[in-house]
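Heads up: the structure comes next, in structure tokens.
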Amino acid sequence: MGTISSTLDHPSRTAAVIGTEDEALTIIRTLAGVFGGTAGEPGTAELRLELLSRSGLFGISVPTDNGGIDVSNTVLATICCEAAVRSAPLADILAAHFVGLESLRSHGTEGQRKTVFAAALAGARVARGAARSGEALPIQSNGVALRFGGEVFCTPCARHADWMLLPVQTGGRTGKLLLPVRSEGVHFVANTCEPAPGAAQAAEHVLLKDVAVEPDFLLQASGDAVPVAVPRSLGLLLEAACRLGAARGVLERLLDAGDADPLGVGLFTARLAATEAIIADAGRAIDAAQIGLADQHRINAFQASASALASAQAVAHDAASAGREAPADMPLTAQVMEALAESGRITIDAHRSGGARDV
């Protein structure tokens, strides 16, 4: 695996060691505040990303056998949610990295896992990309070596990552390629990267021109249950978590404005709580799929994650009207509406006093 490990630009990079899930949650809340601040002088992006790299968060999902603490998938979802409350780019960066490591866990060779997991513990990052065409990028042989090219859109600030995980096609099979970002032939269209505070950020546009493919870069997916493989389920789960976090951010800004309708707030917080519970359930299903051998474990994880994303999309849609006066014809009993209004008043009062629970 020397071809992968030698591509790292930061062989002496070090990162903090996170020992518990609670410590990871504390760190992400601090980092979310940093990434959610106002963009400043040139170089701010690099400084923030370096801080993220050194935080230790990139290593928390590494399996214990490889030196990590292998946090639960529910905690990974919570971390992405907390990030998305303040910074959509930060949430996207973390979600892509966690899914990338899960792809290594599920489909990587022992050598690939050993190399990349060790690098992640030291602060290295995996970005994800998709071809502009929507199809897997074909890998072709010129008789001497394997090469490929195309146009892809990647995780925000992918230029500062160490690898890009890309969909490719070779030998009639679709798989994943773990491409070192600094490979010859990789060109980033934009000159700079500055994570936008709060708001979503456009994907990084990358041109791939006759890029050489080492055999060690290819991940070999197993032939069974590929459509519902664990990395795909985790991707759905973390996308749901990012959407939930964005909706929570809407609620926080609404409460800050000070003119929210109690019933509207109560209804919205109830939907947020329901989605959070569905996401937690999906995280536990993925935990089971990572250790279970039966296909049903993977099916359960996929279905639970799809449900979580559907719920998160619905609550994100509701965020547009969050806190407004509830419609008079809303199909809820008087008892339920009274309870929701009281819940909303409690949330509003707690926010005003500075003692609000995490929303």
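The values are calculated or read from the model by the stated rules, or taken from the named source; none is laboratory data. Being a predicted model, the structure only gives us computed values, none of them experimental. Cβ: placed from backbone, ideal geometry, glycine included. Neighbour counts: every protein chain shown.
How many residues are at pLDDT below 75 and farther than 19 Å from ARG128 by Cβ when one looks only at region 180-195? If you could, list the steps in order and put the result at the bottom.
Of region 180-195, the ones at pLDDT below 75 are 191-195.
Applying the additional criterion that residues be farther than 19 Å from ARG128 by Cβ yields 191-192, 194.
Of the residues in that region, 3 qualify.
Checking ALA241 against (1) assigned by TED's automatic domain parsing to the domain that holds ILE28; (2) at pLDDT 95 or above; (3) crowded, with 21+ Cβ neighbours inside 10 Å, only one condition comes out false. Which one?
(1)
Pairs only if they're at least six apart or on different chains, beta carbon under 6 angstrom, first in region 121-132 and in contact (Cβ under 8 Å) with a residue 40 or more places away in the chain, second of a type in the set (Ser, Thr, Tyr); list them, first residue then second.
Listed pairs, sorted by first residue: GLY123/SER53; ALA127/THR155.
Any residue at all in region 71-79 that's assigned to a strand (DSSP E or B) and not polar (S, T, N, Q)?
Within region 71-79, not a single residue is assigned to a strand (DSSP E or B) and not polar (S, T, N, Q).
Would you check which residues across region 39-86 are within 21 Å of ASP162 (Cβ to Cβ) and of a type in the set (Gly, Ala, Ser) and list them?
If the condition is that a residue be within 21 Å of ASP162 (Cβ to Cβ) and of a type in the set (Gly, Ala, Ser), then GLY43, ALA45, SER53, SER55, GLY56, GLY59, SER61, GLY67, GLY68, ALA83 are the ones that fit.
Search region 282-338 for residues being over 26 Å from SER106 (Cα atoms) and either of a type in the set (S, T, N, Q) or touching a strand residue (DSSP E or B) at 6+ places or on another chain (Cβ under 8 Å) (or both), and hand back the single one that is modelled with the lowest pLDDT.
Looking at the filtered set, the residue picked out is SER321.
Might you let me know whether region 122-131 holds any residue that is at pLDDT below 95 and either surrounded by fewer than 20 Cβ atoms within 10 Å (Cβ to Cβ) or farther than 27 Å from ALA247 by Cα (or both)?
yes
When only residues in region 1-35 that are closer than 27 Å to ARG182 by Cβ and of a type in the set (D, E, K, R) count, which is modelled with the highest pLDDT?
Here the answer is ARG13.
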